[in-house]
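Here is the structure we will look at.
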Amino acid sequence: MSETTDPAAQNDDPASAPAAPSREAVIDLLGLLALGELLAFERMVYDARLAPDLGRRAALSEAAVGEIRNYRLLADRLGELGADPGEAMAPFKEAFRSFDASTAPRDWLEALVKVYLGDAVADDFFRVVSAGLDDKDRTLIETVLGETGASDLAAAEIRAAVEADPAVTGRLSLWARRLVGEGINRAQGVAAANDRLTGIIVGDGGTLDALLRRLTRAHQDRMKSVGLNN
């Protein structure tokens, strides 16, 4: 009787497993996410002023608290890794500045679409690339991305607005497509300009193009879930 090789056993072979990301690559990834959380907090507090009433203004301001709490978790972990959080975030500041400058919302609903759909592109990116990290850092990122207060608020408001006035669907759909286009362009530029981040993306055999296609599909599903058109 001939012996057969179990493919699963081959995949479990430590020699064939992808190398763990370097400490520097993990610092880059956490620095990128930390900056995203910090700026999301600042943006939500600012955009809360667009709310049509004080109740909604307070709700978005309260949701922003989750973003700054996430920032602190990431900053603390960067410190444990021997990195200064400010220095870890600095290389990505221009990419975020460019994205926010080109996607400034004009009203309350556009601000909510940016919270729900624009930020979600970044969240999907981090979910994919964190798969190859060790348990501690992967769990940290999952915890940060699990904060859904702002996203849940925005989704409920968008659905209610579309149901109340279907005429807003087209305008918000165009805005959402613009957000994802800008977001994916920025993600592509950041990854391409940072060899260590690119190394995390392709470390398990993936490609940047495949990741971007995955981000686009997830975005389309989210648009449908709140009544917007792809």
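Working only within region 33-74, note down all residues that are free of Cβ contacts under 8 Å to residues at least 24 places away in the same chain and open to solvent by less than 20 Å² (accessible area, probe 1.4 Å).
ALA48
Does ASP209 satisfy the criteria of being farther than 28 Å from GLU62 by Cβ, modelled with pLDDT under 80, open to solvent by 60 Å² or more (accessible area, probe 1.4 Å) and out of contact with any Leu (no Cβ under 6 Å at 6 or more places or on another chain)?
Considered against the rule, which asks whether it is farther than 28 Å from GLU62 by Cβ, modelled with pLDDT under 80, open to solvent by 60 Å² or more (accessible area, probe 1.4 Å) and out of contact with any Leu (no Cβ under 6 Å at 6 or more places or on another chain), ASP209 comes out as yes.
How about region 143-176: which of its residues are more than 23 Å from the chain's Cα centre (by Cα), closer than 30 Å to ARG69 by Cβ and in contact (Cβ under 8 Å) with a residue 24 or more places away in the chain?
Answer for region 143-176, where residues must be more than 23 Å from the chain's Cα centre (by Cα), closer than 30 Å to ARG69 by Cβ and in contact (Cβ under 8 Å) with a residue 24 or more places away in the chain: just ALA161.
Looking at region 161-168, can you tell me whether even one residue there is open to solvent by 20 Å² or more (accessible area, probe 1.4 Å) and over 15 Å from VAL226 (Cβ atoms)?
Yes.
Applying the selection to region 75-88, what residues are buried (at least 20 other Cβ atoms within 10 Å of the Cβ) and more than 23 Å from THR148 (Cβ to Cβ)?
Within region 75-88, LEU78, ALA83, PRO85, ALA88 qualify.
So which residues in region 125-142 are open to solvent by 20 Å² or more (accessible area, probe 1.4 Å), under 23 Å from SER225 (Cα atoms) and in contact (Cβ under 8 Å) with a residue 24 or more places away in the chain? Before the answer, list the steps.
In the first step, residues of region 125-142 are kept if they are open to solvent by 20 Å² or more (accessible area, probe 1.4 Å); the result is 127-128, 131-132, 134-136, 138-140, 142.
From the residues that got through so far, the ones that are under 23 Å from SER225 (Cα atoms) too are 127-128, 142.
Passing the criteria: only VAL128.
Just checking: which of the helices (runs of 4 or more DSSP H) contained wholly in region 77-153 hold 2 or more residues that are out of contact with any Cys (no Cβ under 9 Å at 6 or more places or on another chain) and under 22 Å from ARG213 (Cβ atoms)?
Those helices (runs of 4 or more DSSP H) span 93-102, 119-129, 135-145.
Can you tell me how many residues within region 94-115 are within 15 Å of the chain's Cα centre (by Cα) and within 19 Å of ASN185 (Cβ to Cβ)?
Residues meeting the conditions: 6.
The values are calculated or read from the model by the stated rules, or taken from the named source; none is laboratory data. Predicted model, so just to flag it, every value in this text is computed and none were measured. For neighbour counting, all protein chains shown are included, and Cβ atoms are generated from backbone atoms with ideal geometry for every residue, glycine included. Note: areas computed on protein heavy atoms with side chains; ligands, DNA, RNA excluded. Shrake-Rupley method; radii C 1.70, N 1.55, O 1.52, S 1.80 Å.
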